[in-house]
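Here, each number is a calculation from the coordinates, and none is a lab measurement. Please read all numbers here as calculations on a predicted model, not as lab measurements. Neighbour counts run over all protein chains shown; Cβ positions are idealised from the backbone, glycine included.
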Amino acid sequence: MSRRMLAWLASIRLRTLFRAVFLLLTLATVTLALTVLREEKQQSFDNYRERFGKTGDQIAARLRHPTGQLALLNPLSGAKPLTPLRPLLLPYSALDFDEHNKVRNAIEMSGCLVQYPRDAALCVAVGSNPWAGAFIYAAGRLKMRELVPHERGERDFSKSHRVHVHIALRGEDYNWIAPFELEADTQPKAGKALRGRLTGFVERAGGDYVNARPQNEFRGWLWQSACPRGEIATPDCEREVFYSIRLPVDLLRADLAGTSQPVWPPRDLDSIQVHVQMLAPGNAGTIFDSNDKNAHAPFLLAELQTLLLPGESLLIRKLGKAGNTDVLRMTGIDAAGEEPWPLINWLIRRLPVEADGFRLESHTEISTQTGRYELVLNGDVRSANRILAGAVTRVSWFVGAMLLAIAMAWLVIELGLIRRITILTKRTRAVQQSASSSLDQLDVADLRGGDELGILATCLHDLLRRVREDIEREKIRTEQEKDLWHAVGHEIMSPLQSLLVLHDEPDNPSQRYLQRMQQAIRVLYGSASPSEAFESSCLQVRALDLNAFLAEVARNAPCAGINNVVYVATDKPVPVRADEYPLEDVVTHVLSNAERYRSPGSPITIRLEPAETSVQIVIHNQGQPISEDMLDKIFEYGVSSESDSGAQGNRGQGLFVAKTYMAKMGGTICARNVANGVEFALGLLLAPEREVQG
């Protein structure tokens, strides 16, 4: 991978990390929600299977109870209005109507009682055995004050409490009036228990019962309890009255006559209408009316539907030799409530769990006096999905709120911070990679603000403004220096030209130094700075006898203020390719540097170390070694080992000039520490001897 790619990746590292953290946080939230949802789905399935078994057991136990058997025997009892009452088929062959406790226990256990206000109740039913007689039974209870019995021989029944019964069947009406009569050996006592008969007479128009005889098959009993304990036994205290009546119906008895296998119960049992009233003496009105609209029905098979969950179904069928007959089929009703989101439904269905899509079924058999019944309960675990979806829909707002909070936090930081960082990075990189880059291209004025990044952008904007102002001032100063160099060069060149005319003798040493001065002025003249001048100078490289050149430099060194310079000459010429005056400047700069740092009184030696294609000029001085970290830096412009070099006239450009000139002549220069001082090695390429000029 290239360095540019690595640099680009490093520049977006923080942004990538920030976005990755938010992405991982979002994924962790979603993963956590899905994991919890899957576990909840598995637990919901397990709970559903357990609940399904309990539901089947509960339905079977309820139907095995006499109350449930009554509902099994009367599956259509809730199909019509509750009042007027319609007889129910009892799970008993008949009612022992003249025994108070037996008949009471029978109707209460069977659950056939229809409930009325003021703790009144009434059961209208027929027995399951047709040979016990085609009778309709009416038994119930109510609360009232002390009963007024009918006196034997009294023709007016309205002077006593009485029961009125009306039956409508197949277009015929049966009406009885049954006054309450005390038993012969019973004497009424205020507030005490009473027991008597309900003597049934066929109702006559106008209430004339002269010479009327009671109906033999009509039997009825009535019991009134004593006043409750703690109350004064008076006729006005309310106490419970329980009554039991057997009603003969000629049409039903006719259906049973002359057949060995009667149809029982009658097919039109649910069409028989029974109306029972308890009438008060005189004109006091009706104490109890079975057609009261506030009546409440007993247990019905339809109530089992509340035990079924959505998706579950219950089939009740009667088993027989000729075949099975479906009695009732029902399914669970969806509870009215908040509809789950389709997305949540789809997600829950896609989560894999054990027994997903598996259907449950249970079979239970119940025996009654009229036959055997089979309960087939079908379950569907997908109903658990619907229940779970409803719960998840309610809590999904919290997960959505968490994701929304994460998204908003990311969006705020992305737009408020990361976007501005990206803009700043792009602008900075564009300025860095531009060939003609300038600080004017880096504009951060639009990124300023009151937050941390805005403060940073404001400071950077102010800093760039100051840098631009400094650059403008530096340009002005450079132009002024350039003008100064022009002026200085112009003023020096004329007198220097006159000096060259005065010292035009070839053997005059002054002429050599004057020519070097003229060369230096030409190099510096017209340049903005000395470093630019040296780097842009052009040298005339030609063959030069290095041996003779160094011998002359050593002789003239005292003229430059450098004494005790010893050159170890060779016995033959050493031709090199160089420019004489710049090379003399290089050697002089190195000698001046050695003069400053040599031990007092020690010599500076110059020697040659020839090689195959080059030769090195080695200048050695005795003194302190150069620091290792400064061996390369001393050749940079403006670098000096003396802290006050500027004040002493040393600008740190001598060795820079030497390195620049050596490079332009195709040579090298380096410094090295030796055992007794420092050596500078100047490398030059050898030239053919025939090119050496005298």
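General remarks:
- Cβ-Cβ FRET estimate between Glu50 and Phe18, R0 fixed at 51 Å, reported to 0.05: 0.60
- Footprinting exposure proxy for Thr67, Thr428, Thr234 (fewest neighbouring C-beta atoms within 10 Å first): Thr234, Thr428, Thr67
- Cross-link pairs Lys80/Lys143; Lys426/Lys659; Lys426/Lys482; Lys102/Lys321 - those with Cα-Cα distance over 30 Å: Lys426/Lys659; Lys426/Lys482; Lys102/Lys321
- Ratio Rg/Rh [Cα only; Rh per Kirkwood] for segment 538-691: 0.95
- Residues Lys192, Lys633, Lys321, Lys41, ranked from the fewest to the most other C-beta atoms within 10 Å, line up as Lys321, Lys633, Lys192, Lys41.
- Simple spin-label estimate for Gln515 and Gln115 gives 13.7 nm between the two label positions (7 Å along the Cα-to-Cβ direction from each Cα).
- Taking label positions 7 Å along the Cα-Cβ direction at both Ser93 and Ser362, the computed distance is 3.4 nm, reported to one decimal.
- Label-to-label distance for Ser627 and Ala551 is 4.2 nm, based on points extended 7 Å past Cα in the beta-carbon direction.
- Checking every one of the trypsin sites (Lys or Arg not before Pro) in segment 242-290 against DSSP loop status and a limit of 12 other Cβ atoms within 10 Å picks out Arg267.
- Taking the fewest neighbouring Cβ atoms within 10 Å as the starting point, the ordered list for Cys670, Cys459, Cys538, Cys112 is Cys538, Cys459, Cys670, Cys112.
- Fraction of C-alpha pairs exceeding 18 angstrom in segment 1-152: 75 percent, rounded to a whole number.
- Note on Thr306 and Glu469: the extension gain reaches 49.9 nm, defined as 0.36 nm multiplied by sequence separation minus the Cα-Cα distance.
- Within segment 588-623, backbone nitrogen closer than 12 Å to the virtual label 7 Å beyond the Cα of Val639 toward Cβ: none
- Estimated FRET transfer efficiency (Gln540, Ala409; beta-carbon r; R0 56 Å; 0.05): 0.20
- Potential lengthening of the chain between Arg3 and Glu39 amounts to 8.0 nm, from the contour at 0.36 nm per residue minus the alpha-carbon distance.
- Fully extending the segment from Thr370 to Leu27 would add 117.1 nm, taking 0.36 nm per residue of separation and subtracting the current Cα-Cα distance.
- Of the GluC sites (Glu not before Pro) found in segment 115-183, those that fall in a DSSP loop while having at most 14 other beta-carbon atoms within 10 Å are Glu151, Glu154, Glu183.
- FRET efficiency estimate (nearest 0.05) - Cβ-Cβ, Ala212 to Ile232, R0 56 angstrom: 0.90
- Equivalent ellipsoid dimensions for segment 176-308 as semi-axes, Å, which come from the Cα gyration tensor, largest first: 32, 25, 16
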